[in-house]
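As structure tokens, the structure follows; a few thoughts come after it.
The values are calculated or read from the model by the stated rules, or taken from the named source; none is laboratory data. The structure displayed is predicted, hence computed values, not measured ones. Cβ atoms come from the backbone with ideal geometry, glycine included; neighbour counts cover every protein chain shown. Only protein heavy atoms, including side chains, enter the accessible area calculation; ligands, DNA and RNA are left aside. Shrake-Rupley method; radii C 1.70, N 1.55, O 1.52, S 1.80 Å.
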Amino acid sequence: MTDILQLVKAKDPNEREFHQAVMEVVESIKPVMDRNPEYRSAKVLERLVEPERVIMFRVVWMDDQGRVHVNRGFRVEMNSAIGPYKGGLRFHPSVNLGILKFLAFEQVFKNALTTLPMGGGKGGSDFDPKGKSDTEVMRFCQAFMAELFRHIGPNTDVPAGDIGVGAREIGFLFGMYKKLANEFTGVLTGKSLNWGGSLIRPEATGYGSVYFAAEMLATANQSLEAKTCLVSGAGNVAQYTMEKLIEMGAKPVTFSDSSGYIYDEKGVDRDKLDYLMELKNIKRGRVKEYAEKYPEAVYTPADPNADHNPLWDHKADCAFPSATQNEINAKDAQNLVNNGVQLVCEGANMPTVPDGIEIFTENKILYGPGKAANAGGVSVSGLEMTQNSMRLSWTRQEVDNRLKMIMHSIHKTCLEAAEQYGHPGNYMVGANIAGFIKVVNAMLDQGLV
Ligand code: NDP
Ligand code: 2IT
């Protein structure tokens, strides 16, 4: 089994995040491989770690001063065994092929867990939308789509948002796709409501993550009521995580961006969250400004040389990492445990390093891995695709009920698979096994393709 990891490392030695994602899955699915020798002879692991297709392209665009910029665009079409490639686009300077392969790999199993017919993919660019004007972002999105449009389609590959790609970017991308393909179709999800978007899609990842946390707590006869919660990030996922936490009677006390974090001991309430949402989504400001508006809150700038993140070093009951990968290292994980955290629910993709996950497992923390806990976003993307195909729109209530049902089902599936394969209560092992079996069986049915 380590053979597969060695193979992956030998082929692409620099793709650190991809190795990490593969290692986690490969370790979890050992008992499945042992019970199903046909998986080994069909080389399912070797096939799963090799993207079906990778598209990499040049994106040339001009800024407001007339200067020319060259970025790199990608789409990793990882696996289409159970449906069209589906997954977000990330615009962030750190984007490279290894990061997108890790995200696409995770997406394959996540999408399998949603119960909806979606394969896995991920794409993006090393373009940094931070500090760019709306017209610069529009020109970049148009240049990006000028190449991507020929590779995607509503039955082929359906991108959506991720870090740095929200409603504004999806609008510009969709406009250019429509112009080039000469068709109005559900080729992207996360669209605005009045031109094909779904109610609850903006909220879905955060809400879904909190629904998943509530399901985990219910297994210990507990609820989120009055729980103190650490949240990281201040983007789409973090904002709607806090919104649902407040609605369910919990108290979020932290959030962050890459420059630093806020600790608001009294808790972020509805009014403060409204302020934060306007600050981030409309003014595109920094979280630091929250402490200027609410002096009882403390702002701590990020220290790039620190060996841990002080955000995770506060007394709390629950933690919702919702910013980016590897944002909880082993020391952070130990601090969370020492400070009484009993639940960690991953809104972000792969936010905890492997040693950190081990610390959670050893300490019997309720640990919801990203591919299960944050699957609400792509689930409602799937529901957006359904509504687009039917040419109708469901009500807020209808979509929210379906989201709740899906998160309930994912939670149950993880627990059942974990139990069946000898790791009761281990959501990570359960998620990996359940996603893996569904995808692999579909691959075997479809032959050597
Ligand atoms: P946004 O771009 O809306 O927000 C990202 C937030 O995380 C920002 O506050 C950003 O700060 C911070 N952040 C990003 N990169 C870093 C970094 N390298 N170091 C520190 N902080 C960072 O993205 P989303 O909220 O959509 O995504 C957050 C996470 O959730 C990601 O892991 C994403 O893959 C995952 N996810 C998103 C889904 C969705 O539907 N959007 C669905 C499922 C998972 P700054 O502004 O300073 O960069
Ligand atoms: O990581 C993710 O699941 C997303 N960024 C959402 C993908 C989607 O297609 O909605």
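A few notes on this one:
- Test item: Cα-centred dipole of the stretch 51-202, Lys/Arg +1 and Asp/Glu -1 on Cβ, debye: 80
- Nearest-20 debye value, the stretch 77-136 charge dipole, Cβ charges on Lys, Arg, Asp, Glu: 180
- Among Y427, Y263, Y275, the largest mean-square fluctuation in a Gaussian network model of the chain (Cα springs under 10 Å) belongs to Y275.
- Note on the chain: Kirkwood radius taken over Cα pairs, Stokes-Einstein applied at 10 °C and 1.306 mPa s, translational D equal to 72 µm² s⁻¹.
- Net charge in the neighbourhood of L311 (other residues with Cβ under 9 Å of its Cβ; Lys, Arg +1, Asp, Glu -1) is -3.
- Entries in K244/K272; K101/K283; K122/K178; K122/K251 that, when Cα-Cα distance is taken, lie over 24 Å: K101/K283; K122/K251
- Applying 1/(1 + (r/R0)^6) with R0 = 30 Å to the Cβ-Cβ distance of R67 and E147 gives a FRET efficiency near 0.90.
- Ranking N14, G368, L230 by Cα position along the charge dipole of the chain, where only Lys, Arg, Asp and Glu carry charges on their C-beta atoms, puts N14 farthest toward the positive end.
- Each semi-axis of the equivalent ellipsoid for the stretch 1-109 is √(5λ) with λ an eigenvalue of the Cα gyration tensor; in descending order they amount to 33, 14, 11 Å.
- Considering only the chain, percent of DSSP beta bridges that pair antiparallel, nearest 5: 60
- Computed [θ] at 222 nm, deg cm²/dmol, the chain (DSSP H ≥ 4; -39,500 (n - 2.57); rounded to nearest 500): -14500 deg cm²/dmol
- Taking only the Cα atoms of the stretch 171-291, the radius of gyration and Dmax are 17.1, 54 Å.
- Simple rule: put +1 on each Lys or Arg Cβ and -1 on each Asp or Glu Cβ in the chain, find the dipole, and look at G435, V380, A213; the Cα lying farthest toward the positive end is V380.
- Here the stretch 242-257 is scanned for amide nitrogen atoms under 13 Å from the site 7 Å beyond the Cα of E225 along Cα-to-Cβ, giving 248-250.
- Prolate/oblate/rounded label for the stretch 217-342 (Cα gyration tensor, a/c 1.5): oblate
- Comparing F184, G422, L276 along the charge dipole axis of the chain, the residue lying farthest to the positive side is F184, per the Cβ-charge model.
- The Cβ shell under 12 Å around G73 holds other residues with a net charge of +2, Lys and Arg each +1, Asp and Glu each -1.
- Cα gyration tensor category, rounded, prolate or oblate, for the stretch 309-371 with a/c compared to 1.5: rounded
- T156-L193 FRET efficiency (beta carbon distance; Förster radius 30 Å; 0.05 resolution): 0.75
- For T361 and D269, the difference between the fully extended length at 0.36 nm per residue and the C-alpha to C-alpha distance is 29.9 nm.
- Spatial separation of Cα centroids for the stretch 264-338 and the stretch 186-250, in angstrom: 17
- Set of aspartates and glutamates with alpha-carbon distance to K331 below 18 Å, sequence-local pairs under 8 removed: D303, D307, D313, D317, E346, D355, E358, E362
- Local charge for Q397 was computed over the other residues whose Cβ lies under 14 Å away, with Lys and Arg +1 and Asp and Glu -1, and equals 0.
- For K11, the accessible surface of its heavy atoms amounts to roughly 120 Å² (probe 1.4 Å, protein chains only, rounded to the nearest 10).
- Two-site FRET efficiency, R286 against V60, from Cβ-Cβ distance with R₀ of 22 Å, rounded to 0.05: 0.15
- Amide proton proximity set for A348, modelled H, under 5 Å, gap of 5+: S322, A323
- In the stretch 48-127, trypsin sites (Lys or Arg not before Pro) in a DSSP loop with at most 12 other beta-carbon atoms within 10 Å: R67
- Dipole magnitude for the stretch 316-445: about 400 debye, using +1 per Lys or Arg Cβ and -1 per Asp or Glu Cβ, origin at the Cα centre.
- For A42, no residue whose modelled amide H falls within less than 5 Å of its own remains once neighbours fewer than 5 places apart on the same chain are excluded.
- Per-peptide average of other Cβ atoms within 10 Å, ordering 401-407, 123-129 highest first: 123-129, 401-407
- For the residues F320, F57, F74, a GNM of the chain with alpha-carbon springs under 10 Å puts the largest fluctuation on F57.
- Per-residue ³J(HN,Hα) for the stretch 206-222, Karplus 6.51 cos²θ - 1.76 cosθ + 1.60, θ = phi - 60°, Hz, x for Gly and Pro: x, 4, x, 5, 6, 4, 5, 4, 4, 5, 5, 5, 4, 5, 10, 6, 10
- Each residue of the stretch 169-184 was assigned a 3J(HN,Hα) from its phi angle through the Karplus curve 6.51 cos²θ - 1.76 cosθ + 1.60 (θ = phi - 60°); the sequence is 5, 4, x, 5, 5, 5, x, 6, 4, 4, 5, 6, 8, 6, 8, 9 Hz, with glycine and proline shown as x.
- For the stretch 72-185, the solvent-accessible area of protein heavy atoms averages 31 Å² per residue (probe radius 1.4 Å; ligands and nucleic acids excluded).
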